[in-house]
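Written below as structure tokens is the structure these notes are about.
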Amino acid sequence: MLDGTISLVSIIIGFMGAIMPIILSMKNESKFVRYIFEKDTDELFKKYLKTTVKVGLLNAGFTLSMYLRDSILKLNIKNFIYYIWMFSIILFIFLTMRSMSYMITIFFAKDEMNGIKIEKTPNNIYTKEEISRVKEKHRK
């Protein structure tokens, strides 16, 4: 189980590292992806990835500490290490799901928003008419 956890964490972190250049290169090609990155003022995409990688590395560290768990004499400390390890596994799985769903949405996005074709104008990604149509749709 411990070896499987380390393998899973390393595969997921490696996959995220491999897919990041693909998504960043789409930033120049896709109008929708460019729009997402321009409107993402809170930098959620970056935060999602950083958090997932950090928790993955912590999970690998906790997994390695589980090998030393039997050398600890006190039962309370053993149980505490076990519960932290289980929590980090569950947290990593949920964070991975969140990051992957965001990446997949960006990866397979079309240049449309709510059925409206996004057309690039020289100075702006959207025309004023497109912006007003989308705003009116969301007000309802």
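Throughout, read-outs are computed from the coordinates displayed, never taken from laboratory work. Everything numeric in this text was worked out from a predicted model, so none of it was measured. Cβ atoms come from the backbone with ideal geometry, glycine included; neighbour counts cover every protein chain shown.
Conditions (1) surrounded by 11 or more Cβ atoms within 10 Å (Cβ to Cβ); (2) within 18 Å of PHE108 (Cα to Cα), marked per residue:
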| site | (1), (2) |
| --- | --- |
| THR5 | yes, no |
| LEU8 | yes, no |
| LYS27 | yes, yes |
| ILE36 | yes, yes |
| LYS39 | no, no |
| LEU44 | yes, no |
- Starting from segment 63-80, take each residue that is surrounded by 10 or more Cβ atoms within 10 Å (Cβ to Cβ) and list its partners that are not in a helix (DSSP H, G or I), counting only C-beta distances under 7 angstrom and pairs at least six apart or across chains. LYS78/ILE72
